[in-house]
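Only one structure is covered here, and it is reproduced in the block below.
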Amino acid sequence: MCALVKVGSKRLSSVLSSLNSLSLRRFCSTLAPGSIHPTAIVHPNAVLGQGVSIGPFCTVGSTVKVGNGCQLYPGSHIFGNSEIGERCVLMTGAVVGDDLPGRTLLGCNNIIGHHAVVGVKCQDLKYKSGDECFLEVGDNNDIREHTSIHRSSKSSDTTVIGNNNLIMGSCHIAHDCKIGNNIIFANNTLLAGHVVVEDYAHTAGAVVVHQFCHVGSFSFIGGGSVIAQDVPKYMMVAGERAELRGLNLEGLRRHGFTAQEIRSLRTAYQKIFMPDEISKGFDERLADMEMRDELAHISVVCSMVQSIRDSFEGKRRGICKFRHWNGS
């Protein structure tokens, strides 16, 4: 028996060696346009565009549509009612879609990183089995390795990802989130359900955002922060139970805000959050800001003030507190 095992081991080593030197190099080499590897499982009802390349051990379901020029690297899978736009790339281990009612829709030029999972069932216990659920992703998004993006929790809502976003490794975007355009989520940014993130927002690593929070455009969230309330436009927050730390000045400069706009925003921020007269309440300070002739006509100031006001409307959660905020 031992002799047989030894002989078998030698044969297995020989086979593995030959696979390593030949087959694996072929499997992992650049996929030829329009090629489907014989080990891939592609349902005959799947719709494939021109020049689609499908590598070894991939799966493409019966109701899948794949756009022109897409590439599926070894071990990537597309399930359910999923539509992939042109020139998308699924890296090894990536999973798009799920066998659920509803749809997963990806635009063009998206990259789905290694072992990322996009368009699967949400983790909301209120989701009812059999309900339709939806995910829509725009164009030119780079969704990196081990990221998870879930479909909506109900048929009347949709998880939405915009265009030109960089979502770094191990991020999570939960059900019913609304993500804008040109956003950067650094590694391990975790968004709970129903979070709204506006254009050009930027998070550092290991950020957690509470459900239903809003993150304003051109804002910055420092690493390791826990966001339990809204982040207004143009602002920078940081900390465990994050607090306002001023304006995102570097981000504003990088995105082309003029010196006059930045000066106006700084003046407005100081009047609202660092007032000389602490006897005035927060609402009074906002009202005074809206009445100042030198600031009221500047669009970015109006936008910031409106962003603050919106955070206190309806069921919104208010804004992150200022560390020396004496107002109500």
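The values are calculated or read from the model by the stated rules, or taken from the named source; none is laboratory data. Treat the numbers as computed from the prediction; the structure is a model and nothing was measured. Counting neighbours? That spans all protein chains shown, and the Cβs are built from the backbone with ideal geometry, glycine included. Each accessible area value is taken on the protein alone, full model and side chains, heavy atoms only, with ligands, DNA and RNA left out. Shrake-Rupley method; radii C 1.70, N 1.55, O 1.52, S 1.80 Å.
Structural remarks
- The sole residue among Lys154, Lys178 that is closer than 17 Å to Asp99 by Cα and open to solvent by 50 Å² or more (accessible area, probe 1.4 Å) is Lys154.
- Taking the range 188-225 as the range and being open to solvent by less than 20 Å² (accessible area, probe 1.4 Å) and of a type in the set (Ser, Thr, Tyr) as the test, the residues that pass are Thr189, Thr203, Ser217, Ser219, Ser225.
- Residue-level check: of (1) farther than 22 Å from His202 by Cβ; (2) open to solvent by less than 60 Å² (accessible area, probe 1.4 Å), Ala228 misses just (1).
- Among the residues of the range 52-67, those identified as assigned to a loop (DSSP other than H, G, I, E, B), open to solvent by 30 Å² or more (accessible area, probe 1.4 Å) and not aromatic (Phe, Trp, Tyr) are Ser62, Thr63.
- Boolean, Arg144 is surrounded by fewer than 24 Cβ atoms within 10 Å (Cβ to Cβ) and in contact with an Asp or Glu (Cβ under 8 Å, 6 or more places away or on another chain): no
- Inter-residue pairs, beta-carbon under 9 Å, first loosely packed, with under 12 Cβ neighbours inside 10 Å and in the range 34-51, second modelled with pLDDT under 95 and part of a loop (DSSP other than H, G, I, E, B), 6+ apart: Gln50/Pro33; Gln50/Gly34
- Long-range neighbours under 6 Å by Cβ, at least six apart or interchain, first residue in contact (Cβ under 8 Å) with a residue 40 or more places away in the chain within the range 168-193, second basic (Lys, Arg): Gly169/Arg144
- Residue tally, condition under 17 Å from Asn81 (Cα atoms) and assigned to a strand (DSSP E or B), over the range 118-153: 10
- The range 282-308, residues that are open to solvent by 40 Å² or more (accessible area, probe 1.4 Å) and either in contact with a Leu (Cβ under 7 Å, 6 or more places away or on another chain) or within 15 Å of Arg263 (Cβ to Cβ) (or both): Arg292, Glu294, His297, Ser299
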